Amino acid sequence: MLITHPTPRRDADTAAVIESRMRSVAHALGAAPADRTLPDTGERIAVHSGVVLVRLDGTPHALTTRAGNWGRVICEIGHVLLAVGLDPLSPAAVGPEVDEYLVTSTKSGRLYFAAASVADSARLMQAGSHP
């Protein structure tokens, strides 16, 4: 699951502000730079009512996205690789643009990763004991 900030829409969305926000998200997910050992951050994903929920440490809030077929697949597999990019990426980005983002961000140390497990329910995920 690639997590990025949308392209800036306000003057306050400077590169420094976006990077700070995304570093906070990476930290709240327990993610680490690509050149480090991939951290296993425990059960922090759940699929509920057609929505994928991603638990963030230190906040009652969760990231959400539509589950679609992907939600069924991750429930069957039981694990998700989380990737947090420090730079913005348009939500409309597709194929080659996403590939270029991944390559460039990884080479420049601006992509953080974590492995996460899929909980049986959103209630169990939120009650997770992983720090």
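For region 98-117, which positions are open to solvent by 40 Å² or more (accessible area, probe 1.4 Å) and farther than 20 Å from residue 29 by Cα? Listed by number, the residues that qualify are 99, 100, 103, 104, 107, 108.
Scanning region 68-98 for residues that are touching a residue at least 60 places away in the same chain (Cβ under 8 Å) and aliphatic (A, V, I, L, M), we see that the one that is nearest to residue 19 (Cα to Cα) is 86. Within region 1-13, the set of residues being open to solvent by less than 60 Å² (accessible area, probe 1.4 Å) and at pLDDT 90 or above comprises 1, 3, 4, 5.
Of all residues in region 54-74, those that are surrounded by fewer than 13 Cβ atoms within 10 Å (Cβ to Cβ) and part of a loop (DSSP other than H, G, I, E, B) total 4. Does region 16-29 contain any residue that is outside any helix (DSSP H, G or I) and either small (Gly, Ala, Ser) or at pLDDT 90 or above (or both)? Checked against the condition, which is being outside any helix (DSSP H, G or I) and either small (Gly, Ala, Ser) or at pLDDT 90 or above (or both), region 16-29 yields no hits at all.
Within region 29-56, if we keep just the residues that are without any contact (Cβ under 8 Å) to a residue 60 or more places away in the chain and β-branched (Val, Ile, Thr), the residue that is nearest to residue 112 (Cα to Cα) turns out to be 37.
The values are calculated or read from the model by the stated rules, or taken from the named source; none is laboratory data. Source: prediction; values computed, not measured. Quick reminder, even Gly has a Cβ in these numbers, built from the backbone with ideal geometry, and neighbours come from all protein chains shown. In case anyone asks, the SASA skips ligands and DNA or RNA and just uses the protein heavy atoms, side chains included. Shrake-Rupley method; radii C 1.70, N 1.55, O 1.52, S 1.80 Å.
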